[in-house]
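All remarks here apply to the structure that follows.
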Amino acid sequence: MLVVNGLGRPVEFHCSTPVRPSRTQEVLYGQTLQQYLNCDLIGRAMLDHCRGTSIVLVVRQPELVALHGLSDKPLALIGSAPTAGVPDEAAPAEPATQPVSQILQLKGKPDDTERAEAALQRLAAVLPLDEPFGRIDEAIREAHAAGRRSQTGTGLGEAA
């Protein structure tokens with residue numbers, strides 16, 4: 001999770017270690033497993049750790065729309081999502097560019113929704129709304145690479 005200010009600059013960044021469900025969880029949750037993992041486990045923890053005051057949650061994966069039920073903030077779903085899971089090292093680091101007109105869904109109380117739409121319009125004037133997701137993808141790749149380097153003893157003091 002990346003929290004940015006009105007200029008698109010990072011205020012907070014949170015990421016989790018990979019979550020691997022047990023075979024029992026796979027069987028019991030079935031088709032709802034990814035939503036459970038992404039929203040109820042990972043998303044809830046990140047929202048709980050968020051110290052900043054955000055106006056709107058912006059997601060690019062449709063299964064994350066369920067985060068709306070875990071937050072009192074409006075939620076915007078933009079653009080198309082990359083393949084599920086953490087991006088692999090072969091994936092391009094360049095984000096796509098989705099204009100604000102391609103917001104697919106915005107939920108919340110009417111007053112909050114108007115405030116969120118205005119904030120999204122201001123941010124979209126500075127950078128494409130999906131641009132921070134490219135930074136998140138790259139930061140996760142870097143964190144995983146640093147973790148691998150430290151596990152093999154070649155990290156030269158770097159921490160994951």
Counting only protein chains, not ligands or nucleic acids, how are Arg44, Arg149, Arg9 ordered by accessible area (probe 1.4 Å), most first? Arg9, Arg44, Arg149
Reported to the nearest 10 Å², Thr152 has, with a 1.4 Å probe, an accessible area equal to 100
For segment 22-75, build the charge dipole from Cβ charges (+1 Lys, Arg; -1 Asp, Glu) around the Cα centre, then report which of Ser54, Tyr29, Gly69 sits farthest towards its positive end. Ser54
With each label point set 7 Å from Cα along the Cα-Cβ vector, what nm distance links Leu41 and Glu142? 2.7
For segment 1-63, what does the alpha-carbon gyration tensor say about shape, rounded, prolate or oblate, given a ≥ b ≥ c as the root eigenvalues, a/c under 1.5 as rounded, and a/b over b/c as prolate? prolate
Give me the net charge for the shell around Arg115: Cβ to Cβ below 12 angstrom, other residues only, Lys and Arg +1, Asp and Glu -1. -1
Determine, from the Cβ-Cβ distance of Arg149 and Ala125 and an R0 of 35 Å, the FRET efficiency 1/(1 + (r/R0)^6), rounded to the nearest 0.05. 0.35
Around Ile55, with a cut-off of 13 angstrom between Cβ atoms, what is the net charge of the other residues, counting Lys and Arg +1 and Asp and Glu -1? -1
Working out 0.36 nm times the residue gap between His14 and His49, then minus their Cα-Cα distance, what length gain in nm do you get to one decimal? 11.8 nm
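The values are calculated or read from the model by the stated rules, or taken from the named source; none is laboratory data. Note that the structure is predicted; figures quoted are calculated from it, not measured. Cβ: placed from backbone, ideal geometry, glycine included. Neighbour counts: every protein chain shown. Each accessible area value is taken on the protein alone, full model and side chains, heavy atoms only, with ligands, DNA and RNA left out. Shrake-Rupley method; radii C 1.70, N 1.55, O 1.52, S 1.80 Å.
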